[in-house]
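Working notes, beginning with the structure itself.
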Amino acid sequence: WSEVWLVEPFYTSAWMERPADEILNQAWRSTAKWNESYFQNSEYDQLLDEARRELDFDARRDIYYAAQQLIAEEGGSLIPFHVDSFHIASSALSDVQARDFQHIEWHLISKSE
């Protein structure tokens with residue numbers, strides 16, 4: 001993988017569910033070390049900085065929309081699909097805390113008889 005990822009001009013990778021701030025900063029910010037498409041856009045970076053300062057949820061969402069529009073128009077990523085996931089647990093389980101598909105806090109779960 002290390003001979004392909006961030007080396008070859010075209011390859012596939014997968015990103016699991018992440019909050020908007022995390023994925024937009026890790027995958028497309030100009031200075032991000034995981035910027036797979038080497039996207040460089042100072043307006044985009046400024047939008048991310050602005051979103052991190054914005055406390056109003058709706059205003060922050062709109063800023064992220066604008067940032068994503070720049071990626072769609074100018075970026076080099078091809079995103080063929082998004083995966084939706086959901087969690088189902090028995091009512092006999094308690095303390096099930098799922099942040100996303102890969103991050104279930106298994107060590108916190110207990111089962112009642």
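The values are calculated or read from the model by the stated rules, or taken from the named source; none is laboratory data. Here the structure is a predicted model, which is why all the values come from computation and not from measurement. Using ideal geometry, Cβ is built from the backbone for each residue, glycine included, and neighbour counts are taken over all protein chains shown.
What to note about this one:
Residues are listed down the side, and each one gets a yes or a no for (1) surrounded by 10 or more Cβ atoms within 10 Å (Cβ to Cβ); (2) out of contact with any Leu (no Cβ under 8 Å at 6 or more places or on another chain); (3) within 30 Å of E113 (Cβ to Cβ):
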{"residue": "S2", "(1), (2), (3)": "no, yes, no"}
{"residue": "L6", "(1), (2), (3)": "yes, yes, no"}
{"residue": "W15", "(1), (2), (3)": "yes, yes, no"}
{"residue": "A20", "(1), (2), (3)": "yes, yes, no"}
{"residue": "A27", "(1), (2), (3)": "yes, yes, no"}
{"residue": "N35", "(1), (2), (3)": "yes, yes, no"}
{"residue": "E50", "(1), (2), (3)": "yes, yes, no"}
{"residue": "L70", "(1), (2), (3)": "yes, no, no"}
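- Residues that are over 24 Å from V7 (Cβ atoms), in contact (Cβ under 8 Å) with a residue 24 or more places away in the chain and crowded, with 17+ Cβ neighbours inside 10 Å, drawn from the range 37-48: L48
- Positions within the range 17-59 being part of a loop (DSSP other than H, G, I, E, B) and closer than 15 Å to L78 by Cα, in sequence order: N35, E36, S37, Y38, F39
- So L70, is it modelled with pLDDT of 95 or more, touching an Asp or Glu at 6+ places or on another chain (Cβ under 8 Å), farther than 28 Å from H103 by Cα and in a helix (DSSP H, G or I): yes
- Check on F57, modelled with pLDDT of 95 or more, aromatic (F, W, Y) and surrounded by fewer than 13 Cβ atoms within 10 Å (Cβ to Cβ): yes
- When residues of the range 87-113 are limited to those that are part of a loop (DSSP other than H, G, I, E, B) and under 17 Å from the mean Cα position of the chain (by Cα), the one modelled with the highest pLDDT: H103
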